[in-house]
Amino acid sequence: MYNNMSGEAHRPGRIEVVCGSMFSGKTEELIRRMKRAEFARQKVEIYKPAIDTRYSEIDVVSHDRHSIPCTPVDTSSSILLLSADIEVVGIDEAQFFDQGLVAVCNELANRGVRVIVAGLDMDYKGVPFGPIPALCAIADEVTKVHAICVRCGALAYVSHRLVPGGKRVMLGEQSEYEPLCRECYRKAVEEEAGQG
């Protein structure tokens, strides 16, 4: 918060997006930024989709088990209703929210709220996922983080699904997904097509 020329207090709002494949550290980075804001005595709240109950129903938890308390919500509009007087809003697993999340983040930023969003930028087929592409377009800052390809050690490009199933949304961990670089993903898809 700072004072402008007329002496009025003004909080500059912004949208920060942290995106990438699974196991790239998106949630870890979100937790790090939120804890820094807490340490600075800012009013913070973090939200996640209510369907994400993998590690905890009431915490955002990274794959390496770092956590921060959160509020699970069913729709993006709930975030607006619950964010009065909050200075920093965190949103995890944003790809699972509805497209209304883009307008919600814009409204919060226009109110002077710092909004930090983490999510998958692509699904397991390499297709842009949910509201993340639109959030990247309107963000003040985009951080693309990378996992390491488990087959060759290059930077990962996509989260390759290891189990059968055509549903786009399938919550998973290391037994269901692996991070692969572009070349190893292409080879994996060719191998699967040859087996089918």
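Below is a table of values for the structure above.
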quantity: Single residue of VAL150, VAL169 found to be surrounded by fewer than 19 Cβ atoms within 10 Å (Cβ to Cβ), in a loop (DSSP other than H, G, I, E, B), modelled with pLDDT of 95 or more and of a type in the set (A, V, I, L, M); calculated: VAL150
quantity: Unique residue being at pLDDT 85 or above and more than 25 Å from LYS144 (Cα to Cα) when the list is ASP92, ASP98, ASP74; calculated: ASP74
quantity: Out of GLU107, GLU87, GLU141, GLU93, sole residue that is on the phi > 0 side of the Ramachandran plot and charged (D, E, K, R); calculated: GLU93
quantity: Verdict on VAL142 being within 27 Å of PRO69 (Cβ to Cβ) and modelled with pLDDT of 95 or more; calculated: yes
quantity: Out of LEU155, LEU180, sole residue that is modelled with pLDDT of 95 or more, open to solvent by 80 Å² or more (accessible area, probe 1.4 Å) and touching a His at 6+ places or on another chain (Cβ under 9 Å); calculated: LEU155
quantity: Residue, farthest from CYS181 (Cα to Cα), within the stretch 5-20, restricted to residues that are modelled with pLDDT under 95 and hydrophobic (A, V, I, L, M, F, W, C); calculated: MET5
quantity: Among residues of the stretch 108-147, those that are surrounded by fewer than 22 Cβ atoms within 10 Å (Cβ to Cβ), over 12 Å from the mean Cα position of the chain (by Cα) and of a type in the set (Lys, Arg), counted; calculated: 2
quantity: Tally, over the stretch 67-107, of residues that are crowded, with 22+ Cβ neighbours inside 10 Å and without any contact (Cβ under 8 Å) to a residue 24 or more places away in the chain; calculated: 0
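The values are calculated or read from the model by the stated rules, or taken from the named source; none is laboratory data. Everything quoted here is computed from the prediction, not taken from an experiment. We place every Cβ from the backbone using ideal geometry, glycine too, and count neighbours over all the protein chains shown. Protein only, heavy atoms only, side chains kept; ligands, DNA and RNA dropped before computing areas. Shrake-Rupley method; radii C 1.70, N 1.55, O 1.52, S 1.80 Å.
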